[in-house]
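The structure appears below as structure tokens.
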Amino acid sequence: MITRFFSLIILLVLTISCGQQSKKTTDLSELEISEVTVEALLADASSYVETPISIKGTVVHVCRHGGQRLFIVGEDGEDRFRITVGENISEFDVELEGSKIEVNGIVKELIIDDTYLAEWEAEVGEGSKHDRGEGHEGGVGHGDNHGEAPDQTEDHDEGHDADSDNDHAEGHEDHGEEADGEHDVAEQEDAQLERIQAVRDEIAASGQDHLSDYWIETIEFKVITE
Amino acid sequence: MKIRKWLRIIHRDMGYIFFGMSMVYGISGIALNHLGDWNPDYIIKISEATLQNVPAADDISREVAGTLARQIDQNYQYRSHFFPGPGVLKIFIKQGSVTINLDSGRAYIEVIKKRPVFREMNFLHYNKPKKLWTWFSDAFALALILLAISGLFMIRGKKGITGRGAWLTALGILIPVIFLILYL
């Protein structure tokens, strides 16, 4: 009797899940994909928002906590672009670092404006959400695609934090996981408030009413063997 | 009573079936609770070294970069390299990466290994397989509810839900409520 009961449950689960899978898969053959270089994308990312693109680059960093994002550089090796997993990719393996990959995905944009920053600030004020590692929605941060990797050899700690684990610099949703007591929480809140102010200053300096953060959500990728 | 007999059977057999899942979620749960203290997915070892006679950026080919990495450890296997900034060379090796300040020769070495068992458990805990795993883990969650309910009524008498069980159950509910009051 019990065996029959569990068999039925397993059969039911299998049936339902198989039916669901086919609905979720993104069909690449239906998409018109443009080939873009990292440099071209960085120069004019806003033109590609919600557009399927194909991009090649060398992986210079894979997120150490869960492998949910990686960074690629183009031929010049200077500018990098963030790639996140999509519905078909569970995680990026850290062994991808140093490999050249081709990614097919959709360019995404996060608009960081006063409303966004006000919500973020309110959540910092609440505190407890960030202690639990939740945080502001979207939470992919901004500015991660620009600039050079730090010189790790000049400052060991700084270099390690900045390059080996960009998760904490990328998005404010990750902050708070490291909280260890109220003192740490207060320090983290201060750090986030400073970051918010820095972003406000950056918006003011840009002469626009917002900043944009761009990344690619992966549909599929492959390693290019040379 | 017949219903109590069935509760025992459900509790026992679900306990057997979901023993493995309980271990996966329990162990990885502890691991993920302490993400600030360690990386449950990878073992990352960081060290430093100083290299002599480091060539200028223009003179660094694949072969030269590979030789530089092997100066630190003969077993390092070159994969690729790039220049993240002026005067900085990053060499990817099979074991991780080496970042070298070309002016000072100081090298920062990061060796990464997957942490066995925990990485796999976290992979499941985070529902990274998605698809069928979502349903199986839902079944586990449902089973936990059934285990909890059946556990309440399995034993009668003063050690059951009408006696000591009532106090312990109340305590188990009260603790999370206190945390909610304090922190929410």
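The values are calculated or read from the model by the stated rules, or taken from the named source; none is laboratory data. Just so it is clear, the model here is predicted, and its values are computed rather than measured. Every residue, glycine among them, receives a Cβ derived from its backbone with ideal geometry; neighbour counts consider all protein chains shown.
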> Within the range A:64-82, can you find the residues that are closer than 21 Å to B:E110 by Cβ and more than 10 Å from chain B (Cβ to nearest Cβ)?
Replying inline: A:R69, A:L70, A:F71, A:I72, A:R82
>> Please pick out the residue among B:K131, B:K90 that is on the phi > 0 side of the Ramachandran plot and of a type in the set (D, E, K, R).
In response: B:K131
> When you look at A:V73, is it modelled with pLDDT under 95 and out of contact with any His (no Cβ under 8 Å at 6 or more places or on another chain), yes or no?
Replying inline: yes
>> Show me the strands (runs of 3 or more DSSP E) entirely contained within the range A:28-118 in which 3 or more residues are of a type in the set (A, V, I, L, M) and within 23 Å of B:Q77 (Cβ to Cβ).
In response: A:52-62, A:69-73
>> Condition first: surrounded by 18 or more Cβ atoms within 10 Å (Cβ to Cβ) and closer than 29 Å to A:D201 by Cβ. Can you find one or more residues in the range A:48-59 that meet it?
In response: yes
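Kindly provide the set of residues from the range B:74-108 that are surrounded by 18 or more Cβ atoms within 10 Å (Cβ to Cβ) and farther than 17 Å from A:S99 by Cβ, ordered by number.
To start, the set of residues in the range B:74-108 that are surrounded by 18 or more Cβ atoms within 10 Å (Cβ to Cβ) comprises B:76, B:78-84, B:88-93, B:95-102, B:106-108.
Of everything in the range B:74-108, those that are surrounded by 18 or more Cβ atoms within 10 Å (Cβ to Cβ) and farther than 17 Å from A:S99 by Cβ turn out to be B:F83, B:V88, B:L89, B:T99, B:I100, B:N101, B:L102, B:R106, B:A107, B:Y108.
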> Mind checking which residues of the range B:6-32 are within 12 Å of chain A (Cβ to nearest Cβ) and more than 19 Å from B:K114 (Cα to Cα)?
Replying inline: B:W6, B:R8, B:I9, B:I10, B:H11, B:R12, B:D13, B:M14, B:Y16, B:I17, B:F18
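Quick grid of which residues meet (1) outside the structural domain of B:N33 (by TED's automatic domain parsing); (2) touching a residue at least 24 places away in the same chain (Cβ under 8 Å); (3) touching a strand residue (DSSP E or B) at 6+ places or on another chain (Cβ under 6 Å):
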{"residue": "B:Y76", "(1), (2), (3)": "yes, no, yes"}
{"residue": "B:R79", "(1), (2), (3)": "yes, no, yes"}
{"residue": "B:I91", "(1), (2), (3)": "yes, yes, yes"}
{"residue": "B:T99", "(1), (2), (3)": "yes, no, yes"}
{"residue": "B:R106", "(1), (2), (3)": "yes, yes, yes"}
{"residue": "B:E110", "(1), (2), (3)": "yes, yes, yes"}
{"residue": "B:M121", "(1), (2), (3)": "no, yes, no"}
{"residue": "B:H125", "(1), (2), (3)": "no, yes, no"}
{"residue": "B:P129", "(1), (2), (3)": "no, no, no"}
